[in-house]
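Each remark here refers to the structure printed beneath this line.
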Amino acid sequence: MPPRLLDLFGGAGGAAHGYRLAGWHVTGVDIAPQPRYAGHEFHQADALDFLAAHGHEFDAVHASPPCQGYCTLTAGTNHGRTYPLLVAPTRDLLDRLGRPYVIENVPNAPLRPDVVLCGLTFGLKVFRHRVFELGGWMSLQAPHTPHRRHRVAGWRHGERHDGDMVAVYGDGGGKGSVTDWQTAMGIDWTADRRELAEAIPPAYTEFLGSVLLDQLPALAT
Ligand SMILES: C[S@@+](CC[C@H](N)C(=O)[O-])C[C@H]1O[C@@H](n2cnc3c(N)ncnc32)[C@H](O)[C@@H]1O
């Protein structure tokens with residue numbers, strides 16, 4: 001059995017698919033049913049309850065707590081709703097567990113920005129900047145292509161792109177067909193717009209998961 005990764009707040013498994021490609025055995029947890037989950041196993045449960053009970057059974061943990069409470073992009077559509085802020089309680093439990101971990105979220109979330117990834121770096125058609133806090137290990141390795149500065153309408157810095165990037169956003173904010181979204185994200189196992197809008201491109205976790213897998217023997221000693 002390859003090393004086991006626990007994927008908390010797994011959704012449809014954008015992160016899970018990347019870890020699979022990197023060589024991990026991936027077990028997902030989500031509070032909602034996820035019939036299209038892309039990891040190897042799935043448990044419907046509260047992520048923190050599952051982590052407290054089973055975290056010690058895994059070699060590493062990834063967590064993608066809901067981003068709505070931290071997200072400026074959806075602040076308008078989310079106005080008046082409240083969302084649980086789960087980054088801090090997730091980190092507390094992970095620090096107590098002592099396994100290497102990754103917490104992923106949007107740029108405004110209260111994470112230490114150890115790694116910030118953008119779809120352009122991986123040749124994707126989404127920007128989708130995401131911040132990754134790494135616990136118990138370090139990724140000093142840059143992704144294979146350096147991050148290029150970029151601009152879309154309304155952006156003020158960097159290189160110009162001719163409108164070929166795809167806006168993959170929930171709550172009616174996105175543009176393009178489902179096929180456009182799938183291609184832009186590198187996801188082909190779900191055509192559900194909400195699942196696509198909540199996912200991270202698997203390329204991000206394939207990159208991080210490969211680096212972590214290489215370090216794992218040294219971390220375990
Ligand atoms: C940002 S999405 C995760 C996306 C996923 N990482 C991916 O790449 O496809 C957050 C997920 O957290 C789930 N969620 C929210 N509260 C939860 C909780 N207390 N326990 C487990 N899952 C929860 C939601 O159902 C949602 O699927």
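The values are calculated or read from the model by the stated rules, or taken from the named source; none is laboratory data. Because the structure is predicted, anything quoted here is derived from the model rather than measured. No Cβ is skipped: glycine too gets one built from the backbone with ideal geometry, and neighbour counts run over all protein chains shown.
Here are a few things to note about the model shown:
- For the criterion of being out of contact with any strand residue (DSSP E or B) (no Cβ under 9 Å at 6 or more places or on another chain), loosely packed, with under 15 Cβ neighbours inside 10 Å and not in a strand (DSSP E or B), PRO84 passes.
- Of the residues making up the stretch 71-80, none is at pLDDT 95 or above and part of a loop (DSSP other than H, G, I, E, B).
Here is a yes/no grid of residues against (1) within 9 Å of the ligand (Cβ to nearest atom); (2) free of Cβ contacts under 8 Å to residues at least 24 places away in the same chain:
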residue: ALA32; (1), (2): yes, yes
residue: PRO35; (1), (2): no, yes
residue: ALA38; (1), (2): yes, no
residue: PHE42; (1), (2): no, no
residue: GLY55; (1), (2): no, no
residue: PHE58; (1), (2): no, no
residue: VAL61; (1), (2): no, no
residue: SER64; (1), (2): yes, no
residue: GLY69; (1), (2): no, yes
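- The stretch 194-216: number of residues that are without any contact (Cβ under 8 Å) to a residue 40 or more places away in the chain and among the acidic types (Asp, Glu): 1
- Residue match in the stretch 88-100 (condition: closer than 25 Å to ILE187 by Cα and assigned to a loop (DSSP other than H, G, I, E, B)): no
- Residue list for the stretch 167-221, filter: surrounded by fewer than 17 Cβ atoms within 10 Å (Cβ to Cβ), within 16 Å of the ligand (Cβ to nearest atom) and among the acidic types (Asp, Glu): ASP171, ASP188, ASP192
- Positions within the stretch 13-42 being surrounded by 24 or more Cβ atoms within 10 Å (Cβ to Cβ) and either more than 25 Å from ASP214 (Cα to Cα) or not hydroxyl-bearing (Ser, Thr, Tyr) (or both), in sequence order: GLY13, GLY14, ALA15, ALA16, HIS17, GLY18, TRP24, VAL26, GLY28, VAL29, TYR37, ALA38
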